[in-house]
1. Grab the eigenvalues of the alpha-carbon gyration tensor for the chain, scale each by 5, take roots, and send me the semi-axes largest first in whole angstrom.
2. Arranged by the count of other C-beta atoms within 10 angstrom, fewest first, what order do 218, 52, 258 take?
3. Consider just the alpha-carbon atoms of region 154-263 and return their Rg together with their Dmax, both in angstrom.
4. Could you list 146, 225 so that the one with the fewest beta carbons within 10 Å of its beta carbon is first and the one with the most is last?
5. I want to check the label-to-label distance for residue 249 and residue 208. Put each point 7 Å from Cα in the C-beta direction and report it in nm to one decimal.
6. For region 118-140, list residues with backbone N below 11 Å from a point placed 7 Å from the Cα of residue 28 toward its Cβ?
7. Cα-based Rg (one decimal) and Dmax (whole number) for region 192-253, in Å?
8. What full-extension length gain, to one decimal in nm, is calculated for residue 228 and residue 10 as 0.36 nm per residue of separation minus the Cα-Cα distance?
């Protein structure tokens, strides 16, 4: 049985399965089309439709590494406290997780996790390829160093479960664009916020342009953080050369997605 057939069988051959297949078969065209629809500002319909079908949690770097580095099975059911998405009733990660990198936006930095979804995407994407655990961790490290955002994705068309880790910049990520530019509630905070040490801050401004959520401002030489906008991605922390910025746990931002806690 091919993984594509297995994907359709587990999806019960419904319209959601077709939706997932279209995404896996034509990801670049899919993302560009969705972006255009958002820009048409039909948000009354499009925003609700998008938010009902796409959910993601921002990941701190260590938690992204923990998912890719799993060496045992993890199964969690009805974990509303851990993953508060209405559609994400199940998280299923098999050991070791099957990881496929494929051409999304930006190209070849987003990873499909777990079978049969990763196998289906690989069958439909000639340019996709499997990654070893070491290669996947190396990719995460490189994207983290670039200040890109790790996000864990859930979609009803992808068997109603966690299926991908995206490692995106603010100019390419459809989820960041939907949330920041159009107010579509797609992303949840990592459970952390950026904390700025005023004494260590050199007021160089390097952190300001890298924040994908526009949570940092520099007024009169004082860098401040907007708590509501900060999603705890850590992009600013990476770019701070003086060590003035650190991610700290904030319970008001929700529970982090840490598979080590599920174990």
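1. Working: eigenvalues 190, 83, 60 Å².
After scaling each eigenvalue by five and taking roots: 31, 20, 17 Å.
2. Numbers: 218 14, 52 11, 258 17.
The order, fewest Cβ neighbours first, is 52, 218, 258.
3. In order Rg, Dmax, the Cα atoms of region 154-263 give 15.2, 50 Å.
4. Details: 146 15, 225 18.
Fewest to most other Cβ atoms nearby, the residues stand as 146, 225.
5. Those two pseudo-labels are separated by 3.4 nm.
6. Only 127 pass the distance filter.
7. 10.5, 31
8. Numbers: separation 218, 0.36 × 218 = 78.48 nm, distance 3.87 nm.
Contour length minus the Cα-Cα distance gives 74.6 nm.
Values quoted throughout were computed directly from the atomic coordinates according to the rules given, and no laboratory measurement underlies them. No experiment lies behind these values; they were computed from the predicted model shown. Every residue, glycine as well, gets a Cβ built from its backbone with ideal geometry; the counts of neighbours run over all protein chains shown.
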